[in-house]
Amino acid sequence: MSLGEDSKRDGFSSKFGIICAAAGSAIGLGNIWRFPYIVGENGGGAFLLIYLGFILLLGIPVMLSEFVIGRRGQRNAYGSFKRLSGSKYWPLVGLMGIVAAFTILAFYSTIAGWTLEYVYLALINAFKGLEAKEIGEVFDSFHTSAFRPILWQLVFMVFTAFIIVAGIKKGIEKYTKVLMPFLFLLLLIIVVRSVTLPNAGEGLKFLFSPDFSAITAKTFLEALGQAFFSLSIGMGTLITYGSYVNKKNKLPNISFEVSFTDTLIAILAGVAIFPAVFAFGMAPDEGAGLIFYVLPNIFQQMAGGYIFGLMFFILLSIAALTSSISILEVVVAFMVEELKLPRRKSTILAAMAATFVGLLCTLSFSSLSEVKLFNSTIFETLDFTASNVLLPLGGLMIVIFTGWFMGISNVKNEMSNDGLLKIRLFDAFIFIIRYIAPVAIVLVFLNSVGIL
Ligand code: TRP
């Protein structure tokens, strides 16, 4: 089956635009907020090794599979499965992605709201002269209150919806192209300051020297969830973006470049955070507040800290925004193409629904902090379910579909742009998505629930 490019569909206009949008989706709070604290809670270096293994072995193949499905299907996550499979069951994988999108967007906007508060705090120089302990208290009293976190969460959702209403070329592509390179530069500057702090070596040792005694069955699941979350895979974001990629662009190269950049940024964030954690006498397993406790201290100790701190939180919010739009787009593309609703209306409805769940996440740090399921707050439950269950499950179905149901010749044609490109390692790719990836994902699951 050959599905031509749909000329009426919006799409990316250049390779650079695609890379920025896809990297913009991948690089976000997952790298800078989530990665350091998950590494911190899971013992450091050994976790990092497992994480890197999962990126190479599972992450890149799943990402490429998503791009292949999306560009061949020329539709949203649900519609691409429907067109390519001709069955009514495979589209359910797309539907599961849409559920995951709501879940992730909800708790994502909570944290993105926090970063906006920190833009404000940096702007008014609120941390000037404060000790590490007092900086911690600022965060504690902020995130356990209700009004301000909600206010910022709403502001963030409005920004997200605003860009999505504008579409692909004039929305997503236009903004990400300019902003992502800036974030990278600034992170490098912060890394330099952090590794030259007294006692920095402790932090680098924590991050890079593996202590295998810290590993449990859950470590593998956490590493898998983090890898999928960070790469934006397992829920159809990259199926949706893949459907906007021009038939001339090279999917294998894009997958590789995006995964590489995303991983580089996560490691840089680790190198920025951990030396400072130890230099300021904090613990790496602070949890979700880690960067908010640590980073203001680095800026305090830095020449030009005011301006660097301000720029950093602005860019972090923007990184969050270029990710959140990619999550919302999954839902909106579905509503537009499958439910035939206008783009603007779809965006507003989807954003409002996600905001509603998002409010519960935000309040789970204050008035709803006692509402618990299996000992976890609403926020923790949604993050865990989406990242560690829905994404790996989605990834599993995606590789099974690509490896076993799409037809090897279809996969090859799509990857090679109808035979124009010579693709190396095609057989290895097929072997991975048919056997290695499905088995590995299932094993990690069984292992973590204690069956194995
Ligand atoms: N990858 C993004 C981050 O690291 C978050 C994100 C965007 C995402 N789209 C996604 C996560 C799709 C999972 C699935 O912040």
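Would any residue of region 286-319 have its amide N under 14 Å from a label point 7 Å out along Cα→Cβ of Thr144? List them or say none. From region 286-319, the list is 289.
Which of the peptides 198-210, 223-235, 323-335 is most tightly packed, and how do the rest follow, going by the mean number of other Cβ atoms within 10 Å of each residue?
On the way: 198-210: 16.4, 223-235: 28.8, 323-335: 26.7.
Averaged packing, sorted descending, gives the order 223-235, 323-335, 198-210.
A Förster radius of 25 Å, combined with the Cβ-Cβ distance separating Asn253 from Leu52, puts the computed FRET efficiency at roughly 0.80. Rounded to the nearest 20, the size of the Cβ-charge dipole of the chain about its Cα centre is 1800 debye, with Lys and Arg at +1 and Asp and Glu at -1. Taking each residue as 0.36 nm, the span from Leu151 to Lys15 lengthens on full extension beyond its C-alpha to C-alpha distance by 45.3 nm.
Translational diffusion coefficient of the chain (Stokes-Einstein, Kirkwood radius from Cα pairs, 4 °C, 1.567 mPa s): 59 µm²/s. The peptide list 365-376, 281-292, 27-38, 310-321, put in order of mean Cβ contacts within 10 Å with the highest first, becomes 27-38, 310-321, 281-292, 365-376.
Multiplying the residue separation of Leu264 and Ala428 by 0.36 nm and removing their Cα-Cα distance gives an extension gain of 56.6 nm.
Peptides 89-102, 143-156, ordered by how many other C-beta atoms sit within 10 Å of their residues on average, highest first, read 89-102, 143-156. For Ser366 and Val389, what is the calculated FRET efficiency with R₀ set at 35 Å and r taken between the beta-carbons, to the nearest 0.05? With R0 = 35 Å, the Cβ-Cβ based efficiency is 0.85.
Accessible surface comparison of Ile254, Ile348, probe 1.4 Å, protein chains only, largest first: the order is Ile348, Ile254. The residues neighbouring Phe228, those whose beta-carbon lies less than 13 Å from its own, together hold a net charge of -3 under the Lys/Arg +1, Asp/Glu -1 convention. Projecting label points 7 angstrom from Cα along Cα→Cβ for Val449 and Ala126 puts them 4.2 nm apart. Per residue, the solvent-accessible area of region 15-448 (1.4 Å probe, heavy atoms of protein chains only, all protein chains present) comes to 37 Å².
According to the square roots a ≥ b ≥ c of the eigenvalues of the Cα gyration tensor, what is the shape class of region 332-452, taking rounded for a/c under 1.5, prolate for a/b larger than b/c otherwise, and oblate for the remainder? Cα axes put region 332-452 in the oblate bin. The angle separating the long axis of helix 251-279 from the principal Cα axis of greatest extent in the chain is about 10 degrees. Subtracting the Cα-Cα distance of Ile436 and Val357 from their residue separation scaled by 0.36 nm leaves 24.9 nm.
The values are calculated or read from the model by the stated rules, or taken from the named source; none is laboratory data. Please read these numbers as outputs of a predicted model, since none were measured by experiment. Reconstructed Cβ throughout: ideal geometry from the backbone, glycine too, with neighbour counts over all protein chains shown. Side chains included, ligands, DNA and RNA excluded: accessible areas come from the protein's heavy atoms. Shrake-Rupley method; radii C 1.70, N 1.55, O 1.52, S 1.80 Å.
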